[in-house]
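Student: Can you keep this structure in mind? I'll have questions shortly.
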Amino acid sequence: MSESTNQGGLPRLVEGFLAASGLVLLSPVMALCSLAVLLTTGSPILFRQIRVGRGGRPFTLVKFRTMRAAGGGPEVTASGDARITPVGRFLRRWKLDELPELWNVVLGEMSLVGPRPEVPAYVDPEAPAWREVLDARPGLTDPTTLALRDEEALLASIAGDRELFYRESLQPRKLEGYRQYLRRRTWRSDLGVLFRTVAAILFPARAPAGPRQAAGRH
């Protein structure tokens, strides 16, 4: 592993403790989310999907289900997507659908802070940029994800092929953002990202607007 991505960041034991504590403290909220999904769209409550983790190893990401079962369609999701349920829109709006990923952190498959994990179809493990990004454990949040937090609204503004836009324009931009952060990250910077993420979720109107140039983002 390269020094740039293997050093810095919160220690694994600290992340595991924080993630486990989060699961306990947020268990009432997660129970309500589970009940809302079950009552409105039935089972399964959780959405499971294979993502690419550290070193290119696949793992199963878990979220609350926000789409209708067996909906099909493209991997990228834009706001207004007919597959998203009304409850799912609420969960996505407040990032509640991401809470089960704390379990992925407890298992060591993800970090609290790190590049967002991609589906295998969008990963090229032979590309230099991907090799550097995959040298780090994927995370729940990071500065690039914060800057592009309204990506679904942006994708909805794309008139053409949204998957093509994502592959050729948005994903390269995200990869570069991931690499820049990984090269300078420290445990202090990770804590700062976590605090900014919580603030952006609780007070979205006060959070700095992400860049919206170039007709889109992911």
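The values are calculated or read from the model by the stated rules, or taken from the named source; none is laboratory data. All of these numbers come straight from a predicted model, not from anything done at the bench. Please note: Cβ atoms are built from the backbone with ideal geometry, for glycine as well, and neighbour counts cover all protein chains shown.
Student: If you scan the range 24-40, which residues turn out to be closer than 18 Å to Ile84 by Cβ and surrounded by 12 or more Cβ atoms within 10 Å (Cβ to Cβ)?
Tutor: Cys33, Ser34, Ala36, Val37, Leu38
Student: When you look at Ser169, is it surrounded by fewer than 21 Cβ atoms within 10 Å (Cβ to Cβ) and either without any contact (Cβ under 8 Å) to a residue 60 or more places away in the chain or of a type in the set (Ser, Thr, Tyr) (or both), yes or no?
Tutor: Yes, satisfied.
Student: Just to verify a result, which residue in the range 149-193, among those that are in contact with a helix residue (DSSP H, G or I) (Cβ under 7 Å, 6 or more places away or on another chain) and part of a loop (DSSP other than H, G, I, E, B), is farthest from Pro115 (Cα to Cα)?
Tutor: Within the range 149-193, the match that is farthest from Pro115 (Cα to Cα) is Ile158.
Student: Looking at the range 72-90 only, could you name the residues that are on the phi < 0 side of the Ramachandran plot and surrounded by fewer than 12 Cβ atoms within 10 Å (Cβ to Cβ)?
Tutor: Those that are on the phi < 0 side of the Ramachandran plot and surrounded by fewer than 12 Cβ atoms within 10 Å (Cβ to Cβ): Ala82, Pro86.
Student: Within the range 41-59, track down each residue that is of a type in the set (Val, Ile, Thr), surrounded by 14 or more Cβ atoms within 10 Å (Cβ to Cβ) and modelled with pLDDT of 95 or more.
Tutor: Ile45, Val52
Student: Can you name the residue in the range 134-143 that is buried (at least 23 other Cβ atoms within 10 Å of the Cβ) and free of Cβ contacts under 8 Å to residues at least 60 places away in the same chain and is also nearest to Leu182 (Cα to Cα) among such residues?
Tutor: Going through the qualifying residues, I end up with Asp142.
Yes/no per residue for (1) touching a helix residue (DSSP H, G or I) at 6+ places or on another chain (Cβ under 7 Å); (2) in a loop (DSSP other than H, G, I, E, B); (3) over 19 Å from Leu154 (Cβ atoms):
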{"position": "Asp81", "(1), (2), (3)": "no, yes, no"}
{"position": "Val87", "(1), (2), (3)": "yes, no, yes"}
{"position": "Phe90", "(1), (2), (3)": "no, no, yes"}
{"position": "Val105", "(1), (2), (3)": "yes, no, yes"}
{"position": "Glu126", "(1), (2), (3)": "no, yes, yes"}
{"position": "Ala129", "(1), (2), (3)": "yes, no, yes"}
{"position": "Arg137", "(1), (2), (3)": "yes, yes, yes"}
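Student: Counting only residues that are of a type in the set (Phe, Trp, Tyr) and closer than 20 Å to Gly22 by Cβ, which one in the range 179-196 is surrounded by the fewest Cβ atoms within 10 Å (Cβ to Cβ)?
Tutor: Here the answer is Phe195.
Student: Further question: Can you find a residue that is acidic (Asp, Glu), out of contact with any Leu (no Cβ under 7 Å at 6 or more places or on another chain) and surrounded by 15 or more Cβ atoms within 10 Å (Cβ to Cβ) anywhere in the range 92-109?
Tutor: yes
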